[in-house]
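Undergrad: Once you've had a glance at the structure underneath, I'll fire off some questions.
Coordinate-derived values only; no laboratory data. All values reported here derive from a predicted model rather than from experimental measurement. All Cβ positions, glycine included, derive from the backbone under ideal geometry; neighbour counts span all protein chains shown.
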């Protein structure tokens with residue numbers, strides 16, 4: 001098994017400014033959706049969360065004020081708030097991912113998981129600023145296997161422009177260097193492009209699409225900033241495995257229009273070609289085409 005990255009999207013609500021709104025689930029090839037959230041195909045856990053609005057700033061009330069994870073079973077205590085919120089003001093350097101790997105939120109099968117967001121009193125007019133949230137779901141994280149970790153770079157230029165506000169496929173990862181034949185486990189993923197908020201890997205034969213928080217060059221974060229350490233130091237386990245002759249492809253979610261991408265995969269060679277221990281179909285069943 002692995003983990004799966006899902007996205008939610010909304011805009012600044014109508015007055016009163018603090019009136020909370022449900023963010024819309026972004027169409028997903030694995031998780032079925034409802035008008036307010038995603039349905040869990042099997043018992044799942046939330047291991048990380050992130051939320052931001054474009055103009056959020058630490059000293060400004062105009063950005064995202066709160067974002068809560070809403071699911072019926074979570075009312076056994078209270079709806080958890082995503083903390084800290086990220087600062088997408090073009091100057092902040094901390095991605096502010098909420099790391100829950102050690103204490104995940106447990107969700108039963110068929111649970112609807114939604115995000116309820118509110119903005120500060122000084123927020124701009126209705127619909128003028130995007131609000132985005134990301135949740136990392138898993139059934140069981142795969143521990144990082146023993147072995148040396150190698151970081152591989154890939155870059156894409158002249159790709160078809162990504163489409164805004166959906167998961168937009170870019171293409172197959174092509175590394176700067178050729179890999180010796182073998183099977184490789186991905187234990188870290190970093191991605192940069194101008195308008196990206198997140199990126200996911202698509203492994204052959206695996207339905208879940210694990211991903212990372214992207215660093216947009218100057219639009220969201222400074223161009224020399226790295227994503228949260230959770231995603232490149234093995235803190236979230238194995239993303240998936242691939243054979244040297246069939247690397248994963250990737251897709252991007254964000255503002256759209258990107259034609260150039262840069263990324264890094266941290267990998268461990270786990271054996272010779274012929275076995276793919278992490279690429280079997282998940283127990284949650286076949287992929288679902290989400291509906292709005």
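Undergrad: Please rank 207, 191, fewest neighbouring Cβ atoms within 10 Å first, as an exposure proxy.
TA: Ranked by crowding around the Cβ, least crowded first: 207, 191.
Undergrad: What FRET efficiency comes out for the pair residue 172/residue 149, r = Cβ-Cβ distance, R0 = 35 Å, nearest 0.05?
TA: The pair residue 172/residue 149 has a calculated efficiency of 0.95.
Undergrad: Please arrange 236, 268 by how many other C-beta atoms lie within 10 Å of their C-beta, fewest to most.
TA: 268, 236
Undergrad: Taking other Cβ within 10 Å of each residue's Cβ, how do 149, 131 sort, fewest first?
TA: Taking fewest neighbouring Cβ atoms as first place, the list is 149, 131.
Undergrad: When you take every Cα atom in region 150-240, what is the radius of gyration, and what is Dmax, the widest Cα pair distance, in Å?
TA: Answer for region 150-240, Rg first and Dmax second: 13.5, 38 Å.
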